[in-house]
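J.: What follows is a structure written as structure tokens; I'll ask about it next.
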């Protein structure tokens, strides 16, 4: 192992919330949203504790305050992959992305840690290397790609390597997110998916996912048709009946609504010219977030001394 060289002593990283799948683009499509977590990390001298974590916002009462914190784990995994000694760290997290709601909070944490470690170590890691690390921590690259790159992303794996392409969504597309009070673990939602699906459903999803790329970038009038899914949402409906019912009501009103990631939040993609969602009320206790598509992914700044 070697000591860190050429890096900063303190950095601030902000990372956007993300919504994966967008209906038919299962494990491939991701969209960055204008809601950001912020992480400030400082390298301390070796007389300080190895890791100190402060948390404000989402997860304040539940996330760990030691080296098992996901941002810290991502940082340490990055240092280890670089062959660099692990520094002593103090970290302050301001969490705005709801946890366990299908809005990419874990991907944001992983990306924040990896990007912070790159900045603090002075290592030259390109976006492919960053995404590979994030996908290894997350298990799949869809949310991580959008968190890292911003905009609309198409992610895939080839062998053990993760890759992504970033596209600019049409500027008139907006995102309204309906967030329930209840949480749903991604692992539990994945466990409800069948091992095989009918060939017709697979072909339908392939066609709609391709159409969705066109709808998101140049033909938002096609969003309702393009977000129709037969691959995963129906299989998960029993775990989130209110989400499934809200998606059905929104789509019945002409709104391109989908389950956000593994759920249980619901994402509605809208434009000023499209049908309104005001008449479709959210279930009691849900929070409605009117967001923009975020063009920028993870950002790093160096605070003044």
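J.: Taking into account only those residues within the range 151-181 that are exposed (fewer than 15 other Cβ atoms within 10 Å of the Cβ) and part of a loop (DSSP other than H, G, I, E, B), which is modelled with the highest pLDDT?
T.: 168
J.: Okay, moving on. Among the residues that make up the range 244-267, is at least one of them surrounded by fewer than 22 Cβ atoms within 10 Å (Cβ to Cβ), farther than 29 Å from residue 199 by Cβ and in contact (Cβ under 8 Å) with a residue 40 or more places away in the chain?
T.: No, the range 244-267 contains no residue that is surrounded by fewer than 22 Cβ atoms within 10 Å (Cβ to Cβ), farther than 29 Å from residue 199 by Cβ and in contact (Cβ under 8 Å) with a residue 40 or more places away in the chain.
J.: Now, a different point. Please indicate, with yes or no, whether at least one residue in the range 199-216 is in the same structural domain as residue 240 (by TED's automatic domain parsing), out of contact with any helix residue (DSSP H, G or I) (no Cβ under 6 Å at 6 or more places or on another chain) and in a loop (DSSP other than H, G, I, E, B).
T.: No, every residue in the range 199-216 fails to be in the same structural domain as residue 240 (by TED's automatic domain parsing), out of contact with any helix residue (DSSP H, G or I) (no Cβ under 6 Å at 6 or more places or on another chain) and in a loop (DSSP other than H, G, I, E, B).
J.: A follow-up question, please. Within the range 110-126, work out how many residues are within 13 Å of residue 300 (Cβ to Cβ) and assigned to a helix (DSSP H, G or I).
T.: 11
Listed here are the residues, each with its yes/no results for (1) free of Cβ contacts under 8 Å to residues at least 40 places away in the same chain; (2) within 24 Å of residue 229 (Cβ to Cβ).
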position	(1), (2)
25	no, yes
29	no, yes
33	no, yes
56	yes, no
59	no, no
66	yes, no
87	no, no
97	no, yes
119	no, no
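Yes/no per residue for (1) without any contact (Cβ under 8 Å) to a residue 60 or more places away in the chain; (2) more than 21 Å from the chain's Cα centre (by Cα):
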| residue | (1), (2) |
| --- | --- |
| 152 | no, no |
| 157 | yes, no |
| 181 | no, no |
| 190 | no, no |
| 193 | yes, no |
| 202 | yes, yes |
| 214 | yes, yes |
| 217 | no, no |
| 227 | no, no |
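J.: While we're looking at this one, here's another question. Could you figure out which of (1) outside any strand (DSSP E or B); (2) over 22 Å from residue 109 (Cα atoms) isn't true of residue 140?
T.: (2)
The values are calculated or read from the model by the stated rules, or taken from the named source; none is laboratory data. Quantities reported herein were computed from a predicted structural model and do not represent experimental measurements. Heads up, the Cβs are rebuilt from the backbone with ideal geometry, glycines too, and the neighbour counts pull from every protein chain shown.
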